[in-house]
């Protein structure tokens, strides 16, 4: 798991092709295809209700698409049973939008629980490893013995990230990593996401609305709109796109401000 | 994965000359899945030699943060013992990871707070009991203040919510309460039949069933079913609303939770429970009637004739008057327990259990008090 720059030639880690999703009569995805390469930070964006989170849930096996194929680590996940999915699930970590920490366990126990379930490590080492993960996500050490209800929103997200990192996954899914955070915490998450990729060599797929995070951290971005992928590429490529949906997304007042912000330091 | 699936650590036999460094070779996959055997081994490992240690990491096939932590911890422990440790041959990316872990070293872990002694625990337990009762009393007080305020402004009473609660707690409970009390009537008649037959006092089964059902069993059993059915639902509902901060949202909108959540529930139960009690009185006596006919040969006409003599109006009222009191207990305990929920999902479960146990307990105790009072009053 060495750190490496995205290499287009390598086989895709996630390969979504021809996915259709419907809820009753409402069509969410029609023919969505995308691929995530090893070692890249891939972002999925789109307006509210465009089905970003649904696509993420389909990739992590929480919900099946109506049709289409989703391959993760080269293995087809659509229609996979819990038993067969387990080895895959151990190779990825998920950080949920609202943290989804187990409310009856402390932060350390939340992280340790994953290690207890999947490894044969001793109690003491598990507690230490949990403390290391908690420190890695930038939480203060006294956060460990606290319960999720005692943490602020930003700390809860970091704790959730620590739990997602518990097994040193190769692939990390982040659902709205900065939603609901103050700008300072949010820019902390930007840096965290980048440094995780650099030091741990992770592949990261995230769903986000945060234009700053996109400019700062994402290698490639896919824009989901009207049930299709309307644009894929680096932020610079997308900023020059002619597609009305993409333009609408990146050239609103906030999009322009984030763009200027991104260019200023360079 | 170069050398096997688990992490390994082997000593290279030290060269003979004095003061030479001992070499330790690390190999294999130093990952969460490969570590367990090594971890157990490390605890009881005796480090040979006294001088410098050289750790050779060139054969480590994979290293993750957990493995890096174990390596870092081992080196740090050796250094604390006064050994000088040199690390060599580690791949650059592994070295970077090790450095990252070392830079983030927090700890050690936070020491757990010392467990309090037995006496302190007893004290804390007693104190929490006292404070709990006080909080409960103040909750009851607040609710009654809310009730008085609502009576002062009848337009603020939420009839829609009350009727909804009447539907859910009362109408929807008709099948289960009716069935259970019917069965209870059958059981009592059945149990009495044998004894009464011995004395040829068959007809007195009517007195037995009617008095037992009307005075005691029907109000008590209905209250217990409703405590299990609605009291628990109240706790879970309010508790979940507390977890999701809906209660706080209500307060900021300027609606007291008492007004929207507690009072309508209490009033609805106070309407519904007496009605249910009358209904279960009837179904219970019906059960006894069916049994009396099949087991003792008492016809329905004879049963109803006797019923007229067997029960006075007071038997009916003594049973019925308890129902609103029970209703109040169930609603107040249920809601109070809901408000006692703190942050976690587990707490919702604990409080729901406590709600049912306490309201049933209080209902039975209150019933006993009623019996004593009625006894004094000669009812």
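Residue check: is residue A:180 in a helix (DSSP H, G or I), modelled with pLDDT under 85, closer than 27 Å to residue B:240 by Cβ and more than 10 Å from chain B (Cβ to nearest Cβ)? I'd like the intermediate steps shown before the answer.
Values: in a helix (DSSP H, G or I): no; modelled with pLDDT under 85: yes; closer than 27 Å to residue B:240 by Cβ: yes; more than 10 Å from chain B (Cβ to nearest Cβ): yes.
So residue A:180 does not fit the description; no.
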Can you pull out the residues in segment B:324-379 that are in a helix (DSSP H, G or I), over 18 Å from the mean Cα position of the chain (by Cα) and over 25 Å from residue B:165 (Cα atoms)?
B:365, B:368, B:369, B:370, B:371, B:372, B:373, B:374, B:375, B:376
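A quick yes/no check of all residues on (1) at pLDDT below 85; (2) farther than 25 Å from residue A:246 by Cα:
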position	(1), (2)
A:1	yes, yes
A:8	yes, no
A:17	no, no
A:26	yes, no
A:32	no, no
A:43	no, no
A:51	yes, no
A:68	no, no
Boolean, residue B:123 is under 30 Å from residue A:136 (Cβ atoms), more than 14 Å from chain A (Cβ to nearest Cβ) and modelled with pLDDT under 95
no
Could you go through segment A:83-97 and let me know if any residue there is crowded, with 23+ Cβ neighbours inside 10 Å, out of contact with any helix residue (DSSP H, G or I) (no Cβ under 8 Å at 6 or more places or on another chain), in contact (Cβ under 8 Å) with a residue 40 or more places away in the chain and more than 7 Å from chain B (Cβ to nearest Cβ).
yes
Residues within segment B:84-115 that are more than 10 Å from every other protein chain (Cβ to nearest Cβ), modelled with pLDDT of 80 or more and not in a helix (DSSP H, G or I), tallied:
7
Counting only strands (runs of 3 or more DSSP E) wholly inside segment A:186-252, the ones holding at least 3 residues that are without any contact (Cβ under 8 Å) to a residue 60 or more places away in the chain and either touching a helix residue (DSSP H, G or I) at 6+ places or on another chain (Cβ under 7 Å) or over 18 Å from residue A:95 (Cβ atoms) (or both) are A:228-233
From the list B:145, B:140, B:166, which one is in a helix (DSSP H, G or I) and over 17 Å from residue B:327 (Cβ atoms)?
B:145
With respect to the numbered conditions (1) at pLDDT 80 or above; (2) over 43 Å from the mean Cα position of the chain (by Cα); (3) under 25 Å from residue B:104 (Cβ atoms), which one is the sole condition not fulfilled by residue B:27?
(3)
When you look at residue A:112, is it within 23 Å of residue B:34 (Cβ to Cβ) and more than 7 Å from chain B (Cβ to nearest Cβ), yes or no?
yes
Against the definition (modelled with pLDDT of 85 or more and farther than 29 Å from residue B:33 by Cβ), how does residue A:246 come out, yes or no?
no
Residue selected from segment A:134-151 under the condition facing chain B (nearest Cβ under 7 Å) and surrounded by 22 or more Cβ atoms within 10 Å (Cβ to Cβ), by the criterion nearest to residue A:100 (Cα to Cα):
A:144
Tell me which residues, restricted to segment B:258-273, are over 18 Å from residue B:242 (Cβ atoms) and surrounded by fewer than 22 Cβ atoms within 10 Å (Cβ to Cβ).
B:270, B:271
Residues that are farther than 22 Å from residue A:92 by Cβ and surrounded by fewer than 22 Cβ atoms within 10 Å (Cβ to Cβ), drawn from segment A:103-126:
A:103, A:104, A:106, A:122, A:123, A:124
Within 24 Å of residue B:244 (Cα to Cα), modelled with pLDDT under 85, surrounded by fewer than 21 Cβ atoms within 10 Å (Cβ to Cβ) and at the interface with chain B (Cβ under 9 Å from one of its Cβ atoms): does that describe residue A:185?
no
Pairs under 8 Å by beta carbon, first residue in contact (Cβ under 8 Å) with a residue 24 or more places away in the chain in segment B:146-158, partner in a loop (DSSP other than H, G, I, E, B), six or more apart or different chains?
B:146/B:256; B:150/B:157
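Scan A:194, A:127 and give me the residue that is within 14 Å of chain B (Cβ to nearest Cβ) and modelled with pLDDT of 85 or more. Walk me through it before giving the result.
Numbers: A:194 fails: modelled with pLDDT of 85 or more.
So the residue among A:194, A:127 that is within 14 Å of chain B (Cβ to nearest Cβ) and modelled with pLDDT of 85 or more is A:127.
Could you check how many residues of segment B:40-65 are farther than 14 Å from residue B:95 by Cα and in contact with a strand residue (DSSP E or B) (Cβ under 9 Å, 6 or more places away or on another chain)?
Here is the first cut: in segment B:40-65, the ones farther than 14 Å from residue B:95 by Cα are B:40-54.
Still in the list and also in contact with a strand residue (DSSP E or B) (Cβ under 9 Å, 6 or more places away or on another chain): B:41-42, B:45, B:47-54.
Qualifying residue count, segment B:40-65: 11.
Answer yes or no: is there a residue in segment A:28-45 that is in contact (Cβ under 8 Å) with a residue 60 or more places away in the chain, under 17 Å from residue A:226 (Cα atoms) and surrounded by fewer than 15 Cβ atoms within 10 Å (Cβ to Cβ).
Checking segment A:28-45: at least one residue is in contact (Cβ under 8 Å) with a residue 60 or more places away in the chain, under 17 Å from residue A:226 (Cα atoms) and surrounded by fewer than 15 Cβ atoms within 10 Å (Cβ to Cβ).
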Among the residues of segment B:290-308, the number that are part of a helix (DSSP H, G or I) and either crowded, with 17+ Cβ neighbours inside 10 Å or touching a residue at least 24 places away in the same chain (Cβ under 8 Å) (or both) is 9
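The values are calculated or read from the model by the stated rules, or taken from the named source; none is laboratory data. The shown structure was predicted, so the numbers you read here are calculated from the model rather than taken from an experiment. Quick reminder, even Gly has a Cβ in these numbers, built from the backbone with ideal geometry, and neighbours come from all protein chains shown.
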